[in-house]
Amino acid sequence: MPRNKGFRYPPDPPRVEEIVAVMRRAGETDHGLRFRALIVVLWRAGLRIGQAMALTEPDLDPGRGSLLVRQGKGGKRREVGMDYWGFDQLRPWLARRVEMPVGTLFCVIDGQTRGRPWTPAAARNHLRRISAKAGVRRRFAPHQLRHAHAVEMAREGVPLDVIQRQLGHVNLGITSVHLDGSTPPRSSTPSTTDDRP
């Protein structure tokens, strides 16, 4: 169980520049590529950390621009959208992932447990460490990337009920909380080569 279970944090999503800085800081090793892929899934598809960690390679459909969440909150299965930029960012990790034992998309890379699921706790710790090294001076947790996704969709004029379905919320009020008090990032997708991780 995460240490912050039961704590409430204000919606304070990281800006695009901060997310890109963290992705760049991750590097090009297998660990870095896995980490960058996780950030992309949390940020560009708006998944919860547990949902992201449960993904398998067959759950990705780049042709349709979608991900299949087999076990959403309340046990509900749903399909979520992810943009082509997000799928482009996943490709380097997917190319490495096929060299490892079959299992979850985000797996252990080294040792005897290679190919087994990477834990949400380990992913959170990694996110905290790399964001600090990247100079991000705010809370940078998986759920903050989900908030960033919701804010970006709202900024692009996506109706609230569509955002609700994307995030898998039963109650529209919860979706509103993801947007209240949030400062929208300047742009939703890095548009120039300089902005890309």
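Worth pointing out:
- Positive minus negative residues near residue 61 (Lys, Arg vs Asp, Glu; Cβ under 15 Å): +1
- Added length on full extension, which subtracts the Cα-Cα distance from 0.36 nm per residue, residue 138 to residue 102: 9.4 nm
- Segment 49-61 - phi-based ³J(HN,Hα) in whole Hz, Karplus 6.51/-1.76/1.60, Gly and Pro as x: 4, x, 5, 5, 5, 8, 5, 10, 4, x, 6, 9, 10
Read-outs: derived from the displayed coordinates by stated rules, not from any lab. These figures come from a predicted structure and were not determined experimentally. Methodologically, a virtual Cβ is constructed for each residue, glycine included, from the backbone with ideal geometry; neighbour enumeration extends over all protein chains shown.
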